[in-house]
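Working notes, beginning with the structure itself.
Every number here is computed from the coordinates shown, using simple stated rules; none is lab data. If you're wondering where the values come from, they're calculated on a predicted model, not measured in any experiment. Cβ atoms come from the backbone with ideal geometry, glycine included; neighbour counts cover every protein chain shown.
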Amino acid sequence: MNIFDIVPKQFFSILSSKNHRVYVACLMELFKVYEQGSILGLDKNIARQAIIDYLDINPLEEELEEDEADLEGEEGSQLTNRDRANQILRRFEECEWIDIDVNNDYEEILNFRDYAITIIEALKEIASDSYYGEASEAHEFRGYIYTVYSLLSNDHGEYALTIDQVYKNTIAFVREIRKLDSRLKYYIRTIVDNSEIKDLINLLVNYKVELVDHAYRRLKTSDNINKYRVDIVRKLEEYQQNPLVMEMIANEYLIKNQNNPQIALIKANKKIDDIIDIFNSISYIIDEIDNKNKVYVNTTIAKIKFLLSDDENVITKLSRILKYTGNSIRKNRTHRALNDIAPLFNINSYQQLSSRSVYTPRGIYKHAEAQYLVENNGAPDRRLQEDFYSEFETNYSEDVIAKYLRTYFRHNKSIKASEILRDDMTDESIVRLLYILVYAGEELDYSINPLYEKINNKRFDLDDFEIIRGYQE
């Protein structure tokens with residue numbers, strides 16, 4: 001069936017209008033009250049008041065579209081929040097997100113359409129994946145795997161039902177892994193898209209709180225599925241090796257396969273094989289996520305260090321030229337930018353060249369008696385490596401960062417980033433703050449809590465965050 005045979009054509013218009021943020025926020029507030037109300041529906045007066053309360057706390061920056069305001073004789077600036085709430089409810093009813101009926105007591109009762117409930121649940125899930133949220137609202141890996149383990153551990157004879165439920169939970173687990181992987185890729189892309197230190201640090205804070213604390217870390221620790229994986233695979237293989245069990249499972253698939261027992265048995269085996277393949281590949285999947293985590297963290301730190309560098313070297317000069325050119329192109333000043341940088345790359349040209357001016361006689365080739373690579377422990381690249389590791393271990397190792405934080409945690413349970421950076425905000429203090437973020441929750445026992453405040457500094461504005469002693473579940 002076509003989706004637009006169910007969902008009306010005007011249904012999605014509120015998501016594409018200029019006031020889409022207001023509509024979605026009011027939808028969420030209304031749905032929250034609706035779920036807590038009677039199973040028969042929500043009184044329209046209560047629904048209106050829920051929207052009024054939201055608008056009182058979050059005033060509109062501009063009025064709703066004129067074609068949606070049908071209050072006669074009133075200017076938009078004179079509308080009250082009650083009027084706006086009525087406008088929004090009318091808009092929801094026109095777009096068929098809600099129905100408003102009159103009961104036997106002449107009360108107006110609001111109910112959400114069935115497809116609207118499905119869409120709202122999807123929007124809520126997207127929002128909980130993309131923001132900090134509670135840990136219980138984030139990626140639930142262990143829930144799916146534990147359900148699979150429990151179903152296979154209880155021998156109740158409903159083998160076909162068990163396999164169907166195991167398959168659904170396994171696919172749901174894979175879906176969560178894919179969402180985590182997609183979100184990791186998004187953060188990796190942001191490294192290229194952002195060239196401001198403050199933006200990169202803010203994104204690193206978001207990454208640690210949203211993904212590492214609520215998903216990645218749990219996948220590696222409390223939600224680690226390796227402790228269930230062997231038992232799950234073993235039980236599924238036992239099913240396949242038992243002809244009676246496989247016959248019982250295939251019998252449930254007969255109707256869907258034209259009552260052909262052979263095809264039904266093949267489909268049953270394939271479903272079990274698919275589940276086993278997924279669980280056998282889990283280690284590879286986790287390794288891939290580990291790699292993406294390292295790529296994001298290391299690349300972010302490397303880029304911030306590069307941006308902090310004020311050395312007048314060739315790379316810094318070229319980056320400045322590229323940044324100027326990129327900004328000019330974004331402002332539709334491509335021609336002007338090219339004219340400005342053209343003199344930097346001029347090479348003298350000559351109309352006439354003599355044969356001798358570019359002629360170099362061929363040298364005499366002589367075979368060397370001994371051509372061996374001599375080990376050179378004092379090579380420049382080796383010395384640079386040693387200098388780097390020496391500086392890292394001196395200033396930013398886990399022990400150094402832990403000792404640094406203990407001086408703050410000695411008298412307080414938490415410390416703000418603004419207290420570490422203070423007014424000087426040296427390059428060293430910024431890099432130290434980066435490694436505090438990197439070590440949080442995994443190597444060292446402390447957590448990060450974002451704050452809705454700014455660190456105002458002459459170098460740049462940065463969103464403040466709190467470093468809390470002892471990991472907070």
Using the 10 angstrom Cβ neighbour count as an exposure proxy, how do Ile401, Ile289 rank, fewest first?
Ile289, Ile401
With r as the distance between the Cβ atoms of Asn111 and Asp273 and R0 = 56 Å, compute the FRET efficiency 1/(1 + (r/R0)^6) and round to 0.05.
0.80
Using a Förster distance of 45 Å, the FRET efficiency for Lys256-Lys227 (Cβ separation, nearest 0.05)
0.85
With 10 angstrom as the radius, rank Phe11, Phe465 by how many other C-beta atoms surround their C-beta, starting from the fewest.
Phe11, Phe465
Just to be sure I understand the model, the point goes 7 Å from the Cα along the line to the Cβ. What's the resulting Met248 to Asp340 distance in nm?
7.7 nm
Say R0 is 30 Å: what FRET efficiency, to the nearest 0.05, do Glu125 and Glu237 get from their beta-carbon distance?
0.35
Dipole-positive endmost among Leu184, Tyr216, Asn269 within region 137-301 (Cβ charges, Cα centre)
Leu184
Need one number: nm distance between label points at Glu428 and Val24, each 7 Å from Cα along Cα→Cβ, rounded to one decimal.
4.5 nm
Links exceeding 29 Å between C-alpha atoms in this model, out of Lys44/Lys454; Lys270/Lys294; Lys227/Lys416; Lys208/Lys403; Lys270/Lys292, come to Lys44/Lys454; Lys270/Lys294; Lys227/Lys416; Lys270/Lys292
Using 0.36 nm per residue, how much length does the chain from Phe306 to Gln36 gain when fully extended, once their Cα-Cα distance is taken away?
92.0 nm
Which of the lysines could be linked to Lys323 by a straight reach, that is with a Cα gap under 18 Å, when you skip same-chain ones fewer than 8 residues away?
Lys198, Lys303, Lys305, Lys331
How would region 137-301 be classified by its alpha-carbon gyration tensor: rounded, prolate or oblate, with rounded meaning a/c under 1.5 and the a/b versus b/c comparison settling the rest?
prolate
Please report Leu79, Leu244 as a ranked list, fewest other C-beta atoms within 10 angstrom at the top and most at the bottom.
Leu244, Leu79
Note: Gln49 to Asp99 extended length (0.36 nm per residue) minus current alpha-carbon separation gives 16.3 nm
